[in-house]
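Enquirer: My questions all concern the structure below.
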Amino acid sequence: MVNKIGIKEPIAEWCLSKSKKYCLWIANQIVNVQSLLSLEMNLENDYKLVQFGNQIDRILDWKKEVQNINLNEYNFSLALKEADKFHKSLFVPNNNGLKNTNVVLDCGDYKWVQLITPNDCKEEGNTMGHCIGNSSHSQRISSGGSIAFSLRDKYNRPHLTIEAHSVRKDIFEFKGNSNHQPKPEYLEHFVKLNEKYNFSEITDGTRMCFENNIKAVEDITKVNSTFFSFDFQLKLGLLPFAEGESYMEQINITTQKDILIPDNISIYNSISIATTEKVTLGENLLIGGNLTLQVAPSNLKIKDNIGVGGNLFLGSKLSKHKDINKISCFGEISESLFIRI
């Protein structure tokens, strides 16, 4: 691409990052489109390149979804026109639908649309009743400093808006209508978007909505085990790691799933576990505060060398559990405060 087409090496690498299969076609479009000839090497902040990259993504998505298309038979303008026509066709015609049809992921009845221009952000903010349309957001998004997406139904109506840093990929806006927490049923669609863009984490407080969709948490942690914090996974009874530490003041695990706390876990404050399912306390478990167990005796497995710095509160009949003495408690032991499971 550098020697034969005559583009700069960073731009050639950028073309390759977009598509190994179609990198030559993309490079030729840069040469053919006059407004792109002045592209500089500052790939992250060049607005023309950001805009062009979004358009290339739309063309590649169209090529992927529609069979028997030979891109070499299309110039950039014609390919983009056909791609726009295809993406717009994914929505049911509706006078109340938004104009933005920049579909980046088709999830059936729902689609993920990318917010690119200030107008995209404005109509999203006005419809959803949140601040994505403000100038600080729209300027950052349109310049490529961040990337933003909207989950739309088949009528192109938005239901969930996210914004993430372009480089770090951490999501700092994760909003439902009027800044409310997104509905749990929308999170399965976010799982699919995350598979495509590989976000690093959600720092927005509305991430707590994932407490109501544990399957989405499980699916995401299969791809990225650090996406949710150790404490958040621990709270949900999800422990897909060998060891770790928690400094939360109080952890309450109430999930109706088997709970396996692995070996070598340190929890420096208090933890409460209440479930009708099986519970396993791993070897060398260290709890700095209180340990509360409300579980049927037949469902509790206790491994060796467990230390509790505070009090041990036990559900009905747990004080007679055959392995209860494996728990070294430095406070008081009581079972009188708990109902029978």
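Enquirer: Tell me whether segment 124-132 contains one or more residues that are closer than 18 Å to Phe174 by Cα, modelled with pLDDT under 95, assigned to a helix (DSSP H, G or I) and polar (S, T, N, Q).
Expert: For segment 124-132, residues closer than 18 Å to Phe174 by Cα, modelled with pLDDT under 95, assigned to a helix (DSSP H, G or I) and polar (S, T, N, Q): present.
Enquirer: Taking Asn94 as meeting all but one of (1) on the phi < 0 side of the Ramachandran plot; (2) in a loop (DSSP other than H, G, I, E, B); (3) free of Cβ contacts under 8 Å to residues at least 40 places away in the same chain; (4) exposed (fewer than 14 other Cβ atoms within 10 Å of the Cβ), write down the number of the exception.
Expert: (3)
Enquirer: In segment 108-121, how many are over 20 Å from Ile59 (Cβ atoms), not hydroxyl-bearing (Ser, Thr, Tyr) and not in a helix (DSSP H, G or I)?
Expert: So the count comes out to 2.
Enquirer: Within segment 187-199, which residues are surrounded by fewer than 19 Cβ atoms within 10 Å (Cβ to Cβ) and touching a Phe, Trp or Tyr at 6+ places or on another chain (Cβ under 7 Å)?
Expert: Leu193
Enquirer: Hey, can you tell me all the residues within segment 112-133 that are under 12 Å from Gly176 (Cα atoms) and of a type outside the set (A, V, I, L, M, F, W, C)?
Expert: Selection gives Glu124, Gly125, Thr127, Gly129, His130.
Enquirer: A further question on this structure: Among (1) more than 12 Å from Leu160 (Cβ to Cβ); (2) of a type in the set (S, T, N, Q); (3) in contact (Cβ under 8 Å) with a residue 40 or more places away in the chain, which single condition is Thr203 missing?
Expert: It fails just one condition, (3).
Enquirer: Here's another thing I want to ask about it. Across segment 185-219, what is the number of residues that are part of a helix (DSSP H, G or I) and closer than 25 Å to Asn54 by Cα?
Expert: Residues in segment 185-219 being part of a helix (DSSP H, G or I) and closer than 25 Å to Asn54 by Cα: 12 in total.
The values are calculated or read from the model by the stated rules, or taken from the named source; none is laboratory data. All values derive from a computational prediction rather than experimental measurement. Please note: Cβ atoms are built from the backbone with ideal geometry, for glycine as well, and neighbour counts cover all protein chains shown.
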